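Scroll down for the structure; my scribbles are underneath it.
The values are calculated or read from the model by the stated rules, or taken from the named source; none is laboratory data. Computed from a predicted structure; not experimentally measured. Using ideal geometry, Cβ is built from the backbone for each residue, glycine included, and neighbour counts are taken over all protein chains shown. Remember, those area values only see protein heavy atoms, side chains included, never the ligands or the DNA or RNA. Shrake-Rupley method; radii C 1.70, N 1.55, O 1.52, S 1.80 Å.
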Amino acid sequence: MHFVRSYAKINLTLDVLGQRSDGYHELITIMQTIDLYDTICLIANQDTGVRMICTHPELSNDENLAARAAQAIRQRLSLTQGLDIELHKRIPVAAGLAGGSSNAVAVLLALRHWWQLPLSTADLQTIAATLGSDVPFFLTGGLALCEGRGERVTPLVYRLPPSMRWILLVKPAISVSTASVFRNLTARDYSDGTASRSLLATLAEGGNQLPLENLHNSLEHSVLEQYPQVAQAREDMLHAGAPYVRLSGSGPTLFSTFSNLSPAAQVQQQLHAQGYEVYLTHAIYPDDEKKAD
Ligand code: C5P
């Protein structure tokens with residue numbers, strides 16, 4: 001039996017450069033894992049299949065990315081050992097936080113370790129990329145630059161500045177389909193990657209402040225226009241005192257950042273009182289976990 005944590009991410013920037021001939025969009029995005037996680041328990045069973053059990057019944061099926069990750073490994077290495085995957089969900093689903101993608105990688109890494117599988121990092125990268133565009137990011141996690149359709153990952157050694165010490169997430173009570181958000185983009189939403197490149201340069205300098213205009217998300221305009229609940233949540237966050245508000249991924253989760261806990265907690269409490277699902281969290285890096293062990 002094995003317990004593992006599976007962390008969520010936010011997109012600090014997301015530049016959509018344009019549409020590719022394969023239908024996907026070319027991206028430059030800077031992603032960061034955050035201290036909001038699902039817990040996965042892997043249990044060997046006497047059958048020959050993979051059984052998925054999730055605290056969200058609608059996710060207890062073979063289509064769950066965690067189950068698909070286990071199947072991908074079993075097929076690749078012709079394994080017959082049966083497996084139960086129990087998934088305690090805390091990361092909001094279809095929310096722009098890549099919970100499903102993170103779950104998939106947690107299963108890949110845990111099975112490789114547990115079953116001592118002969119899988120190289122390159123093998124895992126190939127399997128991860130077949131499961132989804134933002135799955136490979138979680139093989140390293142932390143802070144990373146992701147390009148292509150999101151699967152070309154460059155881990156970054158930088159840390160977020162003190163002005164981003166606390167990250168407040170607000171999840172409006174709707175789910176958003178990533179495919180439909182990308183489908184609704186028009187040329188006016190495309191950018192040239194300046195925001196991600198400027199953020200990269202600012203992070204490399206290690207300054208205390210980040211120019212907020214660097215935190216651009218090319219999907220935000222379209223999501224705010226299409227989903228009034230997200231636009232309303234954004235207004236409510238600003239009204240409650242958030243210094244700025246950005247969309248994570250294709251949303252609907254919005255985030256803001258704070259250097260100090262008190263103002264962050266104040267904004268959190270006000271939004272919670274207004275009925276929002278709110279999480280006060282922070283960036284997390286792969287090394288943090290090792291230190292905690
Ligand atoms: O790769 P993934 O299955 O997670 O992507 C979900 C959907 O989002 C894709 O089917 C595609 O429509 C859209 N997408 C895109 N460009 C990307 C990533 C995703 O158009 N770079």
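Would you be able to tell me the number of residues in region 19-65 that are exposed (fewer than 14 other Cβ atoms within 10 Å of the Cβ) and within 16 Å of the ligand (Cβ to nearest atom)?
Count: 5.
On the given criteria, is Thr194 open to solvent by 50 Å² or more (accessible area, probe 1.4 Å) and within 16 Å of the ligand (Cβ to nearest atom)?
no
Identify all residues within region 225-243 that are open to solvent by less than 40 Å² (accessible area, probe 1.4 Å) and among the hydrophobic types (A, V, I, L, M, F, W, C); write none if there are none.
Selection gives Val230, Ala231, Ala233, Met237, Ala240, Ala242.
For region 104-143, enumerate the residues that are more than 15 Å from the ligand (Cβ to nearest atom), farther than 24 Å from Lys89 by Cα and not acidic (Asp, Glu).
Trp115, Gln116, Leu117, Pro118, Leu119, Ser120, Thr121, Ala122
For region 1-18, name all the residues that are farther than 20 Å from Arg246 by Cα and touching a residue at least 40 places away in the same chain (Cβ under 8 Å). It would help to see each step written out before you state the result.
So the first thing to find is which residues in region 1-18 are farther than 20 Å from Arg246 by Cα, and the list is 1-6, 18.
Within region 1-18, Met1, His2, Val4, Arg5, Ser6, Gly18 meet the criteria.
Only residues in region 144-159 that are within 15 Å of Thr33 (Cβ to Cβ) count as the first member; pair them with residues that are open to solvent by 20 Å² or more (accessible area, probe 1.4 Å) and near the ligand (Cβ under 9 Å from one of its atoms), Cβ under 6 angstrom, at least 6 apart or cross-chain, and list the lot.
Partner pairs satisfying both residue conditions: Gly150/Ser133; Gly150/Asp134.
Determine whether Arg149 is within 16 Å of the ligand (Cβ to nearest atom) and basic (Lys, Arg).
yes
Which of the numbered conditions does Ala204 fail, given that it passes all the others? Conditions: (1) aliphatic (A, V, I, L, M); (2) more than 16 Å from the ligand (Cβ to nearest atom); (3) open to solvent by less than 50 Å² (accessible area, probe 1.4 Å); (4) out of contact with any Pro (no Cβ under 8 Å at 6 or more places or on another chain).
It fails just one condition, (3).
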